[in-house]
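A quick write-up on the structure given underneath.
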Amino acid sequence: MYSKRVLYVHFTGHSALIGTLIAPLMLLGGPLVLRAAAVTGGVVGALSLTAACAPDGKFLTWGGPLAIGLGGVCMACLGSLFLPATSVVGAGLQSIATYGGLVIFGGFMLYDTQKIIRSAETYPVHADRPYDPINASIGIYMDTINIFIRILTIMASSNTRRRK
């Protein structure tokens with residue numbers, strides 16, 4: 001078992017890496033980023049509330065199809081690296097990566113929320129270690145980051161279309 005100091009170092013490193021990856025998106029402008037953050041908060045809150053109020057285990061069967069969809073989104077991201085965005089195929093792959101990623105990570109939000117609820121309810125009372133909700137919720141944290149990036153990308157692209 002790791003000491004608390006090692007866990008703090010790992011969490012700090014993870015947060016620094018995520019911050020480094022998100023920082024360039026702040027160049028899009030403060031008002032746009034704030035609107036995207038507000039929309040992300042609404043979407044994540046609505047999805048989490050839906051998963052929490054859904055019948056027991058409704059979304060727990062979605063793991064396999066979501067993993068396949070995530071593979072498709074990853075392939076679309078890789079394909080859009082090699083094809084220009086001005087081509088029909090490149091634009092289609094970019095749309096799959098953006099909008100498909102939003103749908104996939106929304107589904108993962110439903111799945112991860114119910115997975116955390118299920119594991120908290122079924123965790124053994126007399127286990128060696130107490131239940132750790134922080135480590136269990138890292139999936140929801142990453143889903144929220146990915147939903148934010150997708151929503152910000154969509155808002156930025158619609159904002160540039162309005163300017164032209």
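Listing for the model above:
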| quantity | calculated |
| --- | --- |
| Helices (runs of 4 or more DSSP H) completely within the stretch 100-164 that count 2 or more residues being within 18 Å of Gly42 (Cα to Cα) | 101-122, 138-163 |
| Among (1) of a type in the set (Lys, Arg); (2) farther than 24 Å from Ile22 by Cβ; (3) surrounded by 14 or more Cβ atoms within 10 Å (Cβ to Cβ) - the single one Arg129 does not satisfy | (3) |
| Hits in the stretch 1-22 (condition: of a type in the set (A, V, I, L, M, F, W, C) and assigned to a helix (DSSP H, G or I)) | Val6, Leu7, Val9, Phe11, Ala16, Leu17, Ile18, Leu21, Ile22 |
| Residue list for the stretch 27-57, filter: in a helix (DSSP H, G or I) and among the small types (Gly, Ala, Ser) | Gly30, Ala36, Ala37, Ala38, Gly41, Gly42, Gly45, Ala46, Ser48, Ala51, Ala52 |
| Subset of the stretch 45-58 [among the hydrophobic types (A, V, I, L, M, F, W, C) and loosely packed, with under 12 Cβ neighbours inside 10 Å] | Leu49, Cys53 |
| Qualifying residue in the stretch 34-44 (condition: more than 18 Å from Thr144 (Cβ to Cβ) and either exposed (fewer than 11 other Cβ atoms within 10 Å of the Cβ) or under 14 Å from the mean Cα position of the chain (by Cα) (or both)) | no |
| Answer residue from the stretch 59-74, given it is farther than 15 Å from Asn146 by Cα, open to solvent by 60 Å² or more (accessible area, probe 1.4 Å) and of a type in the set (A, V, I, L, M, F, W, C) and is modelled with the highest pLDDT among those | Ile68 |
| From Leu78, Leu66, residue being free of Cβ contacts under 8 Å to residues at least 60 places away in the same chain, touching a Gly at 6+ places or on another chain (Cβ under 6 Å) and in a helix (DSSP H, G or I) | Leu66 |
| Selection within the stretch 90-129 - among the aliphatic types (A, V, I, L, M), in contact (Cβ under 8 Å) with a residue 24 or more places away in the chain and within 21 Å of Met75 (Cβ to Cβ) | Ile96, Ala97, Leu102, Val103, Ile104 |
| Selection count where residues are open to solvent by less than 80 Å² (accessible area, probe 1.4 Å), aromatic (Phe, Trp, Tyr) and closer than 16 Å to Ile149 by Cα, scope the stretch 84-119 | 2 |
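The values are calculated or read from the model by the stated rules, or taken from the named source; none is laboratory data. It should be emphasised that the depicted structure is a prediction, and the values quoted were computed from it without experimental measurement. Counting neighbours? That spans all protein chains shown, and the Cβs are built from the backbone with ideal geometry, glycine included. Accessible surface is based on the protein model in full, side chains and every heavy atom, while ligands, DNA and RNA are left aside. Shrake-Rupley method; radii C 1.70, N 1.55, O 1.52, S 1.80 Å.
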